[in-house]
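> Got a structure here, written out as structure tokens. Questions coming.
Rule-based calculations on the coordinates, nothing more; no lab input. Keep in mind the model is a prediction, meaning the values are calculated, not measured. Backbone-built Cβ (ideal geometry, glycine too); neighbour counts: all protein chains shown.
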Amino acid sequence: MNRAVLQKWLDNLRRAWVDADMASVKNIFQKTECYFETPFSEPVSGEGIWNLWAEVKKGDLDYLEYEIIAIESNTAVVNERFSWKSNRRDGIYLLKFDADDFCIFFKRWKITE
């Protein structure tokens, strides 16, 4: 994993949010074995991820920004700032990728204003 590949992954994730594009979401998280919506939620994969994303509708996202904080080997930490349905949030992603740059682990911490 490197900064350019991670930025492309984040750009694809952002586009999926903005467009509420479930096909893109399924592609982005196709190999994700553990997806935590919050640190205390049960991990999900496959259909569990799609169910979490099912509530995302085109036009709900006011803005979304990502800042790469750190990358080490296959692990990255990203700051996420966004407004969704007029609720401002700030949070952190902990991401792990396989050798083919597919996300295999996703954990989110989010704070709503």
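> What is the extension gain from THR75 to GLU55, computed as 0.36 nm multiplied by their sequence separation minus the C-alpha to C-alpha distance, in nm to one decimal?
Working: separation 20, 0.36 × 20 = 7.20 nm, distance 2.78 nm.
Taking THR75 through GLU55 to full extension adds about 4.4 nm, to one decimal.
> With the chain treated as a Gaussian network of Cα nodes joined by springs under 10 Å, which of SER83, SER45, SER73 yields the largest mean-square fluctuation?
Comparing SER83, SER45, SER73 in a Gaussian network model of the chain, the most mobile one is SER73.
> Now, a different point. Taking the DSSP beta bridges in the chain as the whole, what percent of them are antiparallel, to the nearest 5? Working shown, then result.
On the way: 30 of 33 bridges.
Expressed as a percentage, antiparallel bridges in the chain total about 90.
> Using the Cα centre of the chain as origin and beta-carbon charges of +1 (Lys, Arg) and -1 (Asp, Glu), tell me which of VAL77, VAL18, ILE28 is placed farthest towards the positive end of the dipole.
Towards the positive end, the residue furthest out is VAL18.
> Based only on other Cβ atoms within 10 Å, what is the fewest-to-most ordering of GLU33, GLU80?
Details: GLU33 15, GLU80 19.
By the 10 Å Cβ count, ascending: GLU33, GLU80.
> Where the only charges are on Cβ atoms (+1 Lys, Arg; -1 Asp, Glu), what is the dipole of region 3-112 about its Cα centre, to the nearest 20 debye? Mind showing how you got there, number by number?
Numbers: 16 positive and 18 negative charges, 50 e Å.
In debye, rounded to 20, region 3-112 gives about 240.
> Here is a follow-up. Highest GNM mean-square fluctuation, the chain, Cα pairs closer than 10 Å: which of ASN87, ASN74, ASN27?
ASN87
> I would also like to ask the following. Each residue of region 108-113 in turn: what ³J(HN,Hα) in whole Hz from Karplus with 6.51, -1.76, 1.60 and θ = phi - 60°, glycine and Pro shown as x?
Values per residue, Gly and Pro as x: 10, 10, 9, 10, 9, 5 Hz.
> Additional query: Semi-axes of the equivalent ellipsoid for the chain, please: Cα gyration tensor eigenvalues, times 5, square-rooted, ordered largest first, whole Å.
On the way: eigenvalues 79, 53, 40 Å².
Ellipsoid semi-axes (Å, largest first): 20, 16, 14.
> Which whole-Hz couplings ³J(HN,Hα) result when phi for each residue of region 62-73 is put into the Karplus expression 6.51 cos²θ - 1.76 cosθ + 1.60, θ = phi - 60°, listed in order with x for Gly and Pro?
So the Karplus estimates, Gly and Pro as x, are 7, 7, 8, 10, 10, 10, 6, 9, 7, 9, 9, 6 Hz.
> Here is a further query. Using only helices, what value at 222 nm comes out for the chain when you add -39,500 (n - 2.57) per DSSP H run of length 4 or more and divide by the total residues, to the nearest 500 deg cm²/dmol? The partial results should precede the final answer.
Values: 3 runs with 31 residues, N = 113.
-8000 deg cm²/dmol, from helical runs alone.
> Could you give the length gained on full extension between ASN12 and ILE68, defined as 0.36 nm per residue of separation minus the Cα-Cα distance, in nm?
18.7 nm
> Return the distance in nm (one decimal) between the two label points of a simple spin-label model at GLU47 and ALA23, each offset 7 Å from Cα along Cα→Cβ.
Spacing of the two 7 Å Cα→Cβ label points: 2.3 nm.
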